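Chemist: To start, I am sharing the structure in question, which I have written as C-alpha cells.
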Amino acid sequence: RHLLSANYGAGSVAAHALNADGSVGARTGLVQHTGSGPDPSRQEGPHAHQIITDPRGAHVFAVDLGTDKVYTYRLDAQSGALRPVSEVRSVPGAGPRHMVFHPTAPYAYVANELNSTVTVYSYNPATGALTRGDSRPTVPGGSGPAVRNYPSEVAVSADGRFLYLSNRGHESVARFAVTDGGAALRLLDTVPSGGSWPRHLSLSPAGNLLFTANQYGNTVGVFTVNRDSGALTASGPPFATSSLGCVLPV
C-alpha cells in the first residue's frame with residue numbers, strides 16, 4: 001500500500017501511497033535527517049542511502065551514509081506517516097550504505113562504504129532497536145597493493161549460512177561465513193566480480209546463481225553458487241550491457 005524511498009542528496013526518507021492500480025499517489029510521510037560525519041567530503045550532511053523493512057514488515061530502516069546512523073521507523077498503516085522509533089550509530093566515518101537482514105535470526109548486516117567493513121547488528125523485533133556489534137574488513141589482508149575500496153551491496157543466502165558483499169575498487173565479491181547463530185561473520189574468500197565497480201549484486205530466487213552489476217565495466221557477472229560451501233564459480237564470461245547500477249533476477 002505504500003512506496004518507501006531514500007533521498008541521497010536531500011538526506012531524507014519518504015513514503016507515498018500506492019493506488020489500487022499500482023500507480024504512485026500522494027506523499028504521506030517525509031522525515032529529514034540531520035547531522036554529519038567526520039569525512040568532510042562525503043559526510044558534510046545527511047545522505048540517506050537505503051530504506052527497507054525488516055522480514056516481518058513491522059519496522060522501517062533507513063541507512064544514512066552521511067550521519068553514520070541507521071534509523072528505525074514505524075510506518076502508520078492508516079496515514080502512511082513515518083514515525084521515528086530509534087537510531088544507532090556506526091563506527092565514526094564508516095559511512096553505512098546498505099543493510100540486509102538474516103532470514104531467520106535477529107541480526108542485520110551493514111556494508112560500510114567509507115572504511116571498507118561490514119558490521120553485524122543485533123535486532124530486537126519487538127522494539128525495532130538495533131545494537132551495533134563487531135565489524136570485519138571486506139577484503140583479505142596481504143592481497144596485493146592497497147587500493148581504495150568502497151563496499152556497496154550485501155546479500156544473505158536463504159539458509160542464512162553465507163553473506164556476499166560487492167567491493168568496488170577491489171573489484172570483487174566477498175564471501176563470508178555467518179557464524180554464532182548469525183552474530184558473527186568470517187571472511188572466507190573473494191572472487192573477481194567480472195568487471196569494474198560492482199555497484200550491486202543479487203542472488204537468484206532459487207539461490208543457485210549470483211549476479212553482479214559492474215557499473216563502469218558495463219558488464220553483468222554471473223556465478224554459480226555451491227549450496228554446501230557457498231563458493232562462487234564464474235558461469236561463463238560476463239555479458240556486456242549499458243552502464244548499470246542494479247541487477248534484479250526474477
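The values are calculated or read from the model by the stated rules, or taken from the named source; none is laboratory data. These figures come from a predicted structure and were not determined experimentally. Quick reminder, even Gly has a Cβ in these numbers, built from the backbone with ideal geometry, and neighbours come from all protein chains shown. Ligands, DNA and RNA are excluded from the accessible area calculation, which covers all protein heavy atoms including side chains. Shrake-Rupley method; radii C 1.70, N 1.55, O 1.52, S 1.80 Å.
Chemist: From a point 7 Å beyond the Cα of S196 in the direction of its Cβ, which residues of the range 207-227 have a backbone N at a distance under 17 Å?
Modeler: Label zone hits: 213-221.
Chemist: Sticking with this one: Long-range amide H contacts for L209: which residues qualify at under 5 Å (H placed 1.01 Å from N, peptide plane, sequence gap of 5 or more or a different chain)?
Modeler: S204, V225
Chemist: Moving on to the next point. Dipole magnitude of the range 134-248 about its Cα centre, charges +1 at Lys/Arg Cβ and -1 at Asp/Glu Cβ only, in debye to the nearest 20? Before the final figure, lay out each step's value.
Modeler: Details: 8 positive and 7 negative charges, 33 e Å.
Its charge dipole is roughly 160 debye.
Chemist: Order these peptides, 63-71, 222-230, 76-84, by their mean beta-carbon neighbour count within 10 angstrom, highest first. Could you put the intermediate results ahead of the total?
Modeler: Working: 63-71: 24.4, 222-230: 16.0, 76-84: 14.1.
Result, highest mean Cβ count within 10 Å first: 63-71, 222-230, 76-84.
Chemist: Hey, another quick one. Using a 1.4 Å probe on the protein chains only, how many percent of the accessible area of the chain belongs to carbon and sulfur?
Modeler: 54
Chemist: If I model a spin label as a point 7 Å beyond the Cα along the Cα-Cβ vector, how far apart are those points for A158 and L244 in nm?
Modeler: 2.2
Chemist: Would you calculate the separation in nanometres between label points at A126 and D76, each defined as 7 Å from the Cα along the Cα-to-beta-carbon direction?
Modeler: Label-label distance for A126 and D76, simple model: 2.6 nm.
Chemist: Using square roots of five times the C-alpha gyration tensor eigenvalues, list the equivalent-ellipsoid semi-axes of the chain in whole Å, biggest first. Before the final figure, lay out each step's value.
Modeler: On the way: eigenvalues 161, 83, 72 Å².
For the chain, the ellipsoid semi-axes come out as 28, 20, 19 Å.
Chemist: Another one. What ratio of Cα Rg to 2.2 N^0.38 Å holds for the range 101-250?
Modeler: Taking the Cα Rg and dividing by 2.2 N^0.38 Å, one obtains 1.00.
Chemist: Report the convex hull volume per residue for the range 1-136, counting only C-alpha atoms, in Å³.
Modeler: With only Cα atoms used, the range 1-136 gives 102 Å³ per residue.
Chemist: State the volume of the convex hull built on the alpha-carbon positions of the range 61-142, expressed per residue in Å³ and rounded to an integer.
Modeler: 99
Chemist: Pairs of Cα atoms under 8 Å, at least six residues apart: use those to get the relative contact order of the chain, whole percent.
Modeler: Taking the mean separation of contacting Cα pairs over the length of the chain, I get 10 percent.
Chemist: Write down the accessible area per residue of the chain in Å², having rolled a 1.4 Å probe over the full set of protein chains.
Modeler: I get 44 Å² per residue for the chain.
Chemist: What FRET efficiency comes out for A231 versus S41 if R0 is 35 angstrom and r is the Cβ-Cβ distance? Round to the nearest 0.05.
Modeler: Calculated value: 0.40.
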